[in-house]
1. State which residue pairs qualify: first residue closer than 20 Å to LEU190 by Cβ and touching a residue at least 24 places away in the same chain (Cβ under 8 Å) and inside segment 127-147, second residue part of a loop (DSSP other than H, G, I, E, B) and of a type outside the set (Gly, Ala, Ser) in any location, beta carbons under 9 Å apart, and separation of 6 or more residues or different chains.
2. Hey, among ILE87, ILE92, ILE102, ILE107, which residue is under 23 Å from ASN31 (Cβ atoms) and either at pLDDT below 85 or surrounded by 13 or more Cβ atoms within 10 Å (Cβ to Cβ) (or both)?
3. Which fully enclosed strands (runs of 3 or more DSSP E) of segment 1-89 have 3 or more residues being under 27 Å from GLN225 (Cβ atoms) and of a type in the set (D, E, K, R)?
4. What number of residues within segment 161-197 satisfy the criterion of being under 28 Å from ASN69 (Cβ atoms), within 16 Å of ligand 2 (Cβ to nearest atom) and buried (at least 18 other Cβ atoms within 10 Å of the Cβ)?
5. Inspect all residues belonging to segment 63-81 and state whether any of them is in contact with a strand residue (DSSP E or B) (Cβ under 8 Å, 6 or more places away or on another chain), within 14 Å of ligand 2 (Cβ to nearest atom) and not assigned by TED's automatic domain parsing to the domain that holds LYS158.
6. Could we say that THR222 is in the same structural domain as ASN31 (by TED's automatic domain parsing) and touching a Leu at 6+ places or on another chain (Cβ under 6 Å) here?
7. Having 2 or more residues that are in contact with an Asp or Glu (Cβ under 7 Å, 6 or more places away or on another chain) is the bar; report the helices (runs of 4 or more DSSP H) wholly within segment 122-212 that clear it.
8. Do the conditions hold for ASP219, that is, is it away from ligand 2 (no atom under 16 Å from the Cβ), modelled with pLDDT of 95 or more and more than 27 Å from ARG132 (Cβ to Cβ)?
Amino acid sequence: MTQPTQDFILETRNLTKAFKGFTAVDDVNLNIQRGHIHALIGPNGAGKTTVFNLLTKFLQPTTGSILFNGDDITSMKPAAIARKGVIRSFQISAVFPHLTVIENVRIALQRKEGNSFHFWRSEKILNRLNDRAQELLEQVGLGKFSDTITVDLPYGRKRALEIATTLAVEPELMLLDEPTQGMGHEDVSLVTDLIKKVSKDRTILMVEHNLHVVSELADRITVLQRGAILTEGTYDQVSANPQVREAYMGTAADEVEAENAKQAAAQEKDTEVVA
Ligand SMILES: Nc1ncnc2c1ncn2[C@@H]1O[C@H](COP(=O)(O)OP(=O)(O)O)[C@@H](O)[C@H]1O
Ligand SMILES: [Mg+2]
């Protein structure tokens, strides 16, 4: 096995994807540091989802390569990538709406162990599986919801369950494509806290539109524009970059401020209700 030469869990070298002559991802060199939460941001159509599809091998790059722990995984199949520990949330975790919450986590655990017939014959192992499923549910704040039918969970809690089923396969690198999309502020802060919590022993690469979330979570940010990397750095560095402000954050930075104000107002309101 090749030893990683640096502390980068994932690298892309000159990664490029063209669709019928249109270059959606253009010569992208990503370096994702182990243990980081790394955010990929940029305006609609910048190529973020295409990058994710390349990393999980749903798409084959036109040119360029992908290295995971120093190994070239460019020509591997999606299932092999997943087995290596690169898991996209909501990819592997087909959450079954009419099963209970804990049943869904058990299925994810079972998937990880493989469907060995012998595995299922031992009651002891089944109990251990239940314990592990419950543990994962506690981890994502769903401890009390284990017997709830999944379809009855509120939206933010469903995302938490999807994260639990992703955690079940113990990914080394977790890919999250817009985890807070379409959420109200309460669910956004629930999922933000959750991502912070589960990031402890792993690396997370996330696409996120909500810059307030990015500012809270990301150790490092890559800004994509028209398929190419515009700049990289910490939130402060990136948000101070005039090109970024012009291209993307001019309005978005204001949105962060608006979001902060909104959250403050919401908190005040909650306090009123309590009082
Ligand atoms: N399968 C495809 N065929 C043709 N064009 C595509 C395909 N997938 C994405 N694109 C184009 O590539 C560009 C980047 O898309 P995408 O990666 O979805 O951007 P983002 O996620 O940053 O909004 C867009 O212009 C989109 O229309
Ligand atoms: Mg997208």
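1. LEU136/LEU142; LEU142/THR148; LEU142/LEU153; PHE145/LEU153
2. Working: ILE92 fails: under 23 Å from ASN31 (Cβ atoms); ILE102 fails: under 23 Å from ASN31 (Cβ atoms); ILE107 fails: under 23 Å from ASN31 (Cβ atoms).
When all the criteria are applied, what remains is ILE87.
3. Details: elements: 8-19, 22-28, 31-33, 37-41, 63-68, 86-88.
Correct list: 8-19.
4. Within segment 161-197, residues that are under 28 Å from ASN69 (Cβ atoms), within 16 Å of ligand 2 (Cβ to nearest atom) and buried (at least 18 other Cβ atoms within 10 Å of the Cβ) number 4.
5. Among the residues of segment 63-81, not one is in contact with a strand residue (DSSP E or B) (Cβ under 8 Å, 6 or more places away or on another chain), within 14 Å of ligand 2 (Cβ to nearest atom) and not assigned by TED's automatic domain parsing to the domain that holds LYS158, which makes the answer no.
6. Working: in the same structural domain as ASN31 (by TED's automatic domain parsing): yes; touching a Leu at 6+ places or on another chain (Cβ under 6 Å): yes.
Yes, satisfied.
7. Details: elements: 123-139, 155-168, 185-198.
Here the list reads 155-168.
8. Details: away from ligand 2 (no atom under 16 Å from the Cβ): yes; modelled with pLDDT of 95 or more: yes; more than 27 Å from ARG132 (Cβ to Cβ): yes.
Yes.
The values are calculated or read from the model by the stated rules, or taken from the named source; none is laboratory data. Since the structure is predicted, the reported quantities are computational estimates derived from the model, not experimental observations. Reconstructed Cβ throughout: ideal geometry from the backbone, glycine too, with neighbour counts over all protein chains shown.
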